[in-house]
Amino acid sequence: MTERIGLAEKMLGVPGVVVLDVEDEPGELIVTVESTKAKAHCPSCRRRAQAQDRAVVHLRDLHISGRACRLVFAKRRWRCRTKGCVRKTWTERLPGVAPRQVLTLRAGAEVTRQVGQLCRSVSSVAEEYGVCWDTAWSAVTFHGVPLVDDPKRVGQVRALGVDEHSYLSATREHATIFATVLVNLDRRKVIDLFEGKSAAKLRQWTGKRPATWRRGVRVVALDLTDTYRAGLAPHLAHATRVADPFHVTRVANRMVDQVRRRVQNETLGHRGRKDDPLYRSRKLLIMGEERLDDRGRERLMDALRFGDPDDEVLGAWMAKEAVRSVYLEPDPEVAAVLLDNTITACLADDVPEIQTMGRTLSRWREEILNHHRTGASNGPTEGMNFCAKQVKRAGRGFANFSHYRLRVLLHAGGVTWPTTISPPSIRSTAPH
Ligand SMILES: [Zn+2]
């Protein structure tokens, strides 16, 4: 290898080192380097230091031309000969290497990006880099925590979304564990998440924000659970609360399902089987009316004619459509009239499930109508929950919530990744 052009150093791209040897081994390139610094001064007394010996460290660096790269660095140990100097010996540092790390800084940053941004599993990235799981994870923590803690990441939030999802499924030892996600609805990014879904936890979280930040939150979108509504007081009591349309419609759909199951059981004496008319139309029942084609409408009416002798399911279906019609109406005044009519009709209905829904709608009347006034919805939060689920799948179940939180925030938290310059594109000469 001609060293005139410093080919090996250029390809390695680590400043301040000279490449002594490159060995081609199965699975990796072994690059032996040493520092170009031939002299050093004592950090304590500033006198010229004496070279003592070398200690060899093995580091994992970025891949070179798709090959894993092991840096073998013979670092010098220096000694101070000055009489009375407190400093005895010390070792030199390689630029781009943190003390006691197996991965170089740039390799650790890449591992973090693969795990965080690209949502890969820690074990697959660890395997690719030939390090153990703990080494890869400690790199993710080392590089990822500062990115997530960067105060510029959260910034001021005008519209806040609060939503829950299951973080660990129930096992023999514990019930389902939930996590609460807080989202910036305008910028569609997760700002934080915490374990649990209680009012106290939400209050604790909002309590930790600066007062100016809390004042800046004008709108909060949430599902129809009283816990979150209670948790907003006192810190975010000033914000306009919006019941998320997705959750309101889901309440209506679940009510239709409940009535269908009960009527099914009462008329046929068993749970739904594939030939039962109501069971067969279960998806048609919760589909929006405008999405039904002629055939679907016909099948639905047939199912109700045969399976719903007292028109209870029909009543539930109509109540559900009445709720949906509130959202199809853009004018806030008209929507308020539609909602009030729906509530009155539901409360007067004989079907207990419809009555229950009427009471829920009446408790959340203001919040439901606030959607028309503010346009806020948790739609983006639901999207973020999907992101969180992807992270969960990549992690194959998390036992440690702080790991889960870090990974979700790296993936969906709007982290500013260190920028690299994109290469100029090379165009093909062949026509596409
Ligand atoms: Zn000294």
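The values are calculated or read from the model by the stated rules, or taken from the named source; none is laboratory data. Not measured: the values here are computed from a predicted model. Please note: Cβ atoms are built from the backbone with ideal geometry, for glycine as well, and neighbour counts cover all protein chains shown. Heavy atoms of the whole protein, side chains included, go into the accessibility calculation; ligands, DNA and RNA do not. Shrake-Rupley method; radii C 1.70, N 1.55, O 1.52, S 1.80 Å.
Applying the selection to the range 34-53, what residues are open to solvent by less than 90 Å² (accessible area, probe 1.4 Å) and either within 16 Å of the ligand (Cβ to nearest atom) or under 13 Å from Thr89 (Cα atoms) (or both)?
Of everything in the range 34-53, those that are open to solvent by less than 90 Å² (accessible area, probe 1.4 Å) and either within 16 Å of the ligand (Cβ to nearest atom) or under 13 Å from Thr89 (Cα atoms) (or both) turn out to be Ala40, Cys42, Pro43, Ser44, Cys45, Ala49, Gln50, Ala51, Gln52, Asp53.
All but one of (1) within 16 Å of the ligand (Cβ to nearest atom); (2) in contact with a helix residue (DSSP H, G or I) (Cβ under 7 Å, 6 or more places away or on another chain) hold for Cys119; state the number of the condition that does not hold.
If we test Cys119 against (1) within 16 Å of the ligand (Cβ to nearest atom); (2) in contact with a helix residue (DSSP H, G or I) (Cβ under 7 Å, 6 or more places away or on another chain), just (1) comes out false.
Listed residues Ala68, Ala98, Ala74, Ala107; which is within 29 Å of the chain's Cα centre (by Cα) and outside any helix (DSSP H, G or I)?
After applying the criteria, what remains is Ala98.
In the range 278-320, what count of residues is obtained for those that are open to solvent by 30 Å² or more (accessible area, probe 1.4 Å) and either assigned to a helix (DSSP H, G or I) or free of Cβ contacts under 8 Å to residues at least 12 places away in the same chain (or both)?
Matching residues across the range 278-320 total 23.
Sort out which residues of the range 197-228 are outside any helix (DSSP H, G or I) and more than 21 Å from the chain's Cα centre (by Cα), and write them in order of number.
Across the range 197-228, the qualifying residues are Pro210, Val217, Arg218, Val219, Leu224, Thr225.
Identify, by number, the condition in (1) over 30 Å from Leu224 (Cα atoms); (2) open to solvent by less than 40 Å² (accessible area, probe 1.4 Å); (3) within 19 Å of the chain's Cα centre (by Cα) that Asp150 doesn't meet.
Failing condition for Asp150: (2).
Show the residue pairs meeting these rules: Cβ distance below 7 Å; 6+ apart or different chains; first residue within the range 124-150 and under 13 Å from Glu110 (Cα atoms); second residue of a type in the set (Lys, Arg).
Correct list of pairs: Tyr129/Arg60.
When you look at Thr82, is it away from the ligand (no atom under 16 Å from the Cβ) and either at pLDDT 90 or above or closer than 30 Å to Gln50 by Cβ (or both), yes or no?
Spelling it out, it is not the case that Thr82 is away from the ligand (no atom under 16 Å from the Cβ) and either at pLDDT 90 or above or closer than 30 Å to Gln50 by Cβ (or both).
Mind listing whichever residues of the range 54-72 are more than 23 Å from Val125 (Cβ to Cβ) and either within 16 Å of the ligand (Cβ to nearest atom) or open to solvent by less than 30 Å² (accessible area, probe 1.4 Å) (or both)?
Of everything in the range 54-72, just one residue is more than 23 Å from Val125 (Cβ to Cβ) and either within 16 Å of the ligand (Cβ to nearest atom) or open to solvent by less than 30 Å² (accessible area, probe 1.4 Å) (or both), namely Ala55.
Within the range 357-418, considering only helices (runs of 4 or more DSSP H) that don't extend past its boundaries, which have at least 1 residues that are closer than 20 Å to Thr227 by Cα, open to solvent by less than 30 Å² (accessible area, probe 1.4 Å) and at pLDDT 90 or above?
365-374
Do you know which of the residues in the range 14-33 that are closer than 19 Å to Gln101 by Cβ and assigned to a loop (DSSP other than H, G, I, E, B) is farthest from the ligand (Cβ to nearest atom)?
The selected residue is Val14.
Please determine whether any residue of the range 167-175 is within 24 Å of Gly375 (Cβ to Cβ) and open to solvent by less than 40 Å² (accessible area, probe 1.4 Å).
Checked against the condition, which is being within 24 Å of Gly375 (Cβ to Cβ) and open to solvent by less than 40 Å² (accessible area, probe 1.4 Å), the range 167-175 yields no hits at all.
Mind listing whichever residues of the range 176-197 are hydroxyl-bearing (Ser, Thr, Tyr) and surrounded by 16 or more Cβ atoms within 10 Å (Cβ to Cβ)?
Across the range 176-197, the qualifying residue is only Thr180.
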